[in-house]
Amino acid sequence: MNFDEWVCYGIPEHISHDATMWLAKLDGDSLSVDEKIDFYTWLADDPQHQWAFEELSELWAKTALLDNLQNEYKPLQLVNAIAPELISTLEEFAPPPYQSYLPFLSLCLVTIGLLASYL
Amino acid sequence: MSHTDEMNLQRQLKQLMKETKPPLINALSRMLPRYDIDDVLQETYLIWYQKQQEGPIQHSKAFVFRVARNLAISRLRNTKVQVAYQQDCALHDMYIDTSMSSTLAKNQNQQLLTNAISSLPSLCKQVFILRKLHGKSHQEISHIFGISIKTIENHITKGMHHCRQHITRHSTTKQKANNEL
């Protein structure tokens, strides 16, 4: 592994940022035709665009070879690790507790109303 | 090669230089002094010419850009790093043979990248690991975490940016190169 060639040496920050953005988009494999045209236009626009993209692609590819990380994060641990975050997001969307009493409450009110009209 | 072939090749080279020379000079000037740039460009177009004689190059522009970058980087490495590196290695090489030291460097680099990923913020790291080490698609990750595809792309962008910075900060060779520039 020789990192010197993959860290966008001498390339401005905003260009390597754009390159990473394109990389993430392409990795998702859901680019529209327009986006693909945009990408190729961007790539040919400036040698630095091409350099940044190629070098970051290399870095991105190499991360898959990190077997020591693989051991560190077994799928089971992964579930444990994400659970707290999942729970907190679920809580955000959960209805407030009083909502579950509402149907019961409305039924009571209707009954009282009916009784009142008879009396 | 016939005369017309050669004329044709000359014309192609002229056109290619017209398209690629100004942006290349601009980009290379961030890495090299002016006299080095001229050398790199000459060598680049010479390599293109030789390759093109063997058979047509598919993407000439991309080819020329890549060759120029490689030449520039190797030039940088030779002139700026060599001295410091040699001094550094002189002592090592007396005890460690080259195959062992390259394994050592490989492990160090792997460790560097591993550390970079380990130090990512939690969710960003999980997205990264699911994608790269467990080979999950963006769609699958989106289901697992209940986040949008766009958010996943952002996490990956953020993660890569962080890794690159981490490596640049901790890579010793780079530091030396930067100091001497």
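Here are a few things to note about the model shown:
- Computed over protein heavy atoms with a 1.4 Å probe, the carbon and sulfur contribution to the accessible area of segment B:33-81 reaches 52%.
- Of the cross-linked pairs A:Lys25/A:Lys62; B:Lys18/B:Lys158; B:Lys51/B:Lys150, those separated by over 30 Å at the C-alpha level are B:Lys18/B:Lys158; B:Lys51/B:Lys150.
- Summed buried accessible surface, chains B and A, 1.4 Å probe, nearest 100 Å²: 5000
- Of the peptides B:127-136, A:33-42, the order by per-residue mean of other Cβ atoms within 10 Å, starting with the highest, comes out as B:127-136, A:33-42.
- Peptide-level mean, for B:109-119, of C-beta atoms on other protein chains within 10 Å: 4
- Ordered from highest to lowest accessible area with the whole protein assembly present and a 1.4 Å probe, A:Asp46, A:Asp67 read as A:Asp67, A:Asp46.
- Remark on segment A:1-42: accessible area falls by at least 50 square angstrom from chain-alone to full-complex state for A:Met1, A:Phe3, A:Asp4, A:Val7, A:Tyr9, A:Glu13, A:Thr20, A:Ala24, A:Asp27, probe 1.4 angstrom.
The values are calculated or read from the model by the stated rules, or taken from the named source; none is laboratory data. Fair warning: this is a prediction, and the values are worked out from it, not measured in the lab. Quick reminder, even Gly has a Cβ in these numbers, built from the backbone with ideal geometry, and neighbours come from all protein chains shown. In case anyone asks, the SASA skips ligands and DNA or RNA and just uses the protein heavy atoms, side chains included. Shrake-Rupley method; radii C 1.70, N 1.55, O 1.52, S 1.80 Å.
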